[in-house]
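Encoded as structure tokens, the structure appears first; notes follow it.
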């Protein structure tokens with residue numbers, strides 16, 4: 001088994017999005033953290049339409 005370690009949440013989330021984007025054909029995936037009021041986007045993948053960037057903070061209910 002080949003283990004891969006990441007040194008930051010952003011690096012790990014970029015890797016997760018890379019893997020998922022090859023498996024599921026949707027426009028946008030993101031990895032985020034939330035406090036039930038806002039969601040902070042760590043990484044984002046957009047296939048066609050660009051919706052937001054990593055580092056963006058969105059209202060919690062808009063980030064699903």
Checked pairs for segment 3-15, first within 11 Å of residue 54 (Cβ to Cβ), second part of a loop (DSSP other than H, G, I, E, B) and at pLDDT below 85, C-beta under 9 Å and 6 or more apart or across chains, list as 13/6; 14/6
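Does residue 19 qualify as being exposed (fewer than 13 other Cβ atoms within 10 Å of the Cβ), at pLDDT below 95, assigned to a loop (DSSP other than H, G, I, E, B) and out of contact with any strand residue (DSSP E or B) (no Cβ under 8 Å at 6 or more places or on another chain)?
Details: exposed (fewer than 13 other Cβ atoms within 10 Å of the Cβ): yes; at pLDDT below 95: yes; assigned to a loop (DSSP other than H, G, I, E, B): no; out of contact with any strand residue (DSSP E or B) (no Cβ under 8 Å at 6 or more places or on another chain): yes.
Answer is no for this residue.
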_Looking at the structure I just gave you, is residue 25 surrounded by fewer than 15 Cβ atoms within 10 Å (Cβ to Cβ) and free of Cβ contacts under 8 Å to residues at least 60 places away in the same chain?_
yes
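The values are calculated or read from the model by the stated rules, or taken from the named source; none is laboratory data. Nothing here was measured: the structure is a model prediction, and the numbers come from that model. Positions of Cβ are backbone-derived with ideal geometry, glycine not excepted, and every protein chain shown enters the neighbour counts.
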